[in-house]
1. In this structure, does V170 turn out to be surrounded by fewer than 16 Cβ atoms within 10 Å (Cβ to Cβ), in contact (Cβ under 8 Å) with a residue 40 or more places away in the chain and not assigned by TED's automatic domain parsing to the domain that holds D64?
2. Search region 308-345 for residues being small (G, A, S), part of a loop (DSSP other than H, G, I, E, B) and touching a strand residue (DSSP E or B) at 6+ places or on another chain (Cβ under 9 Å), and hand back the single one that is surrounded by the most Cβ atoms within 10 Å (Cβ to Cβ).
3. Looking at (1) hydroxyl-bearing (S, T, Y); (2) under 21 Å from A308 (Cβ atoms); (3) near the ligand (Cβ under 10 Å from one of its atoms), which is the one condition that is false for S270?
4. Just checking, how many residues over region 419-436 are among the hydrophobic types (A, V, I, L, M, F, W, C) and surrounded by 15 or more Cβ atoms within 10 Å (Cβ to Cβ)?
5. Across region 145-160, which residue is nearest to W113 (Cα to Cα) among those that are part of a loop (DSSP other than H, G, I, E, B) and within 9 Å of the ligand (Cβ to nearest atom)?
6. Note down all Cβ pairs under 7 Å where the first residue falls in region 62-77 and is closer than 23 Å to D96 by Cβ and more than 6 Å from the ligand (Cβ to nearest atom), the second is in a loop (DSSP other than H, G, I, E, B) and not charged (D, E, K, R), and they're at least six residues apart or on different chains.
7. How many residues are under 18 Å from L347 (Cα atoms) and at pLDDT 95 or above if we restrict to region 287-316?
Amino acid sequence: MPLASRRSFINKSAIMGGLTILPSSSVFGSTANSKLNIALIGAHGRAKAHYGNLKTENVVAICDVHRDNLAKGQEVFPKAKAYEDWRKCLDHPGLDAVLCCTTDFTHSFIANWALNRDLHCYMEKPLAITVNEARTVRANYLSKKNKVATQVGMQRHAGSNFNRLRELIVDGAIGEIKDVHVWGNRQIRKPGYLPAAGSPPSNINYDLWLGPAPHHPYNPDYFSGRPGANCLQWNMYWDFGIGQMGDMGSHTMDLAWNCLDLTLPESVISTTEEAFNPDVTPVTLTSRYMFTNKNNNKVRVSWYQGGAMPRSPIKALDLKRIGHGAMFKGDKGYIVADFKNRLIYPLGAKNDMTQYKRRSPEELIPPLGNFQQQWIDACKNGRPAETACNFEYSANMIETMCLGLSAFRAGEELSYDGKIGEVTNNSNANQYLTKAYRKGWTMNG
Ligand SMILES: NC(=O)c1ccc[n+]([C@@H]2O[C@H](COP(=O)([O-])OP(=O)(O)OC[C@H]3O[C@@H](n4cnc5c(N)ncnc54)[C@H](O)[C@@H]3O)[C@@H](O)[C@H]2O)c1
């Protein structure tokens with residue numbers, strides 16, 4: 001029995017009996033062997049990285065606004081029904097799950113529509129491009145977290161360095177964490193939206209590509225990047241993305257976020273030499289966030305992009321040689337890390353690190369395994385919330401990042417109440433937590 005029919009059978013059986021019947025292990029045991037009926041939205045480009053995992057399941061629907069890319073996806077999944085409009089694709093009968101690799105400005109839309117239809121969802125990063133989008137996805141997810149499995153495409157999280165770093169931080173290798181610095185050096189400068197360059201070709205449904213974004217004229221350069229890197233043609237424009245915060249920032253902030261167990265900041269300030277450009281997100285930016293952690297201690301987290309950098313604690317260590325990295329400052333030392341390596345620097349002549357007890361091999365955090373497979377397993381095994389980058393973890397992180405851009409636009413330090421999602425010291429700045437969408441497009445539909 002396909003998983004979708006099995007699920008509705010379970011639901012119906014529970015309702016018919018008028019009893020609350022929890023799925024038995026035998027039911028989950030058998031679903032674990034069933035294949036998911038998956039819709040792949042965004043058929044080529046980044047999707048190529050998911051083809052291998054998807055081939056182990058049933059891809060029954062495939063959607064792309066670009067006919068050539070759709071055709072490439074169909075070559076791999078010839079049995080899938082083709083769609084151009086993701087809204088129609090999500091109504092494909094019998095779906096269990098959605099894997100989405102479209103443009104950043106459609107992510108929260110597709111995530112919400114999937115959640116509202118009880119569909120498991122793997123969403124490429126970034127999960128959202130405004131504070132309000134992140135909050136909406138999180139709220140929908142939390143109401144469904146015992147039913148649907150979610151994962152955001154921060155697959156570097158499966159690397160062993162993520163676990164080793166978390167162990168060092170939570171086990172106190174550098175004492176109590178006070179200050180965390182995360183940076184990425186990528187710089188892509190654009191003057192503004194691309195100029196009009198003729199009519200869209202017949203193989204691209206440009207109106208659907210724009211989707212919820214305000215109208216901008218067609219230009220072939222939005223589509224001229226190599227597969228999997230075409231996002232660098234559009235993700236820096238305010239209507240299409242959040243620049244490097246959402247791009248490499250999703251991965252690099254994850255390196256630190258995974259160690260800190262934070263939720264939302266209570267203040268944020270952003271600084272840059274760059275003037276506000278209404279078309280393009282800033283290239284060089286520093287955003288500093290203040291949090292209270294679960295032990296009621298203050299932790300400052302700073303994000304640096306496009307050449308802005310923290311100061312190195314050691315003259316001999318040139319942090320600039322680490323393109324994308326994180327540095328943790330505790331009261332007993334520093335840890336500097338990139339995605340694969342970590343370096344401990346104990347602080348002070350008297351520091352012998354005896355406060356820190358190394359874990360035995362048996363006590364290490366177990367490897368996550370294959371990141372996409374973790375999501376597929378969670379769709380089937382009755383423990384849907386147990387993915388590393390589920391929509392709660394990921395929405396908290398991207399809401400925080402987006403607040404940095406809100407503070408940049410407001411031009412001053414913002415106090416933030418994460419419970420209600422409002423700036424409390426400058427009501428005018430609340431406009432930067434959300435954005436207007438093109439008529440006919442509903443983010444939470
Ligand atoms: N996790 C990672 O390491 C990683 C790496 C690269 C890209 N990405 C993410 O993947 C996403 C796609 O990036 P890309 O470089 O492949 O971009 P892209 O512009 O090539 O888009 C990917 C595919 O989606 C299609 N598409 C665009 N809008 C669509 C829509 N509204 N409906 C259906 N199909 C649509 C495109 O035609 C294309 O085939 C981005 O969000 C990016 O951040 C993640």
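The values are calculated or read from the model by the stated rules, or taken from the named source; none is laboratory data. Small disclaimer: the values here were computed from a predicted structure and weren't measured. Cβ: placed from backbone, ideal geometry, glycine included. Neighbour counts: every protein chain shown.
1. yes
2. A308
3. If we test S270 against (1) hydroxyl-bearing (S, T, Y); (2) under 21 Å from A308 (Cβ atoms); (3) near the ligand (Cβ under 10 Å from one of its atoms), just (3) comes out false.
4. Qualifying residue count, region 419-436: 3.
5. G153
6. I62/A43; I62/F77; I62/A80; L70/A43; G73/A43; G73/H44; Q74/A80
7. 3
A quick yes/no check of all residues on (1) of a type in the set (D, E); (2) surrounded by 22 or more Cβ atoms within 10 Å (Cβ to Cβ); (3) assigned to a strand (DSSP E or B):
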residue	(1), (2), (3)
D118	yes, no, no
P126	no, yes, no
N132	no, no, no
V137	no, yes, no
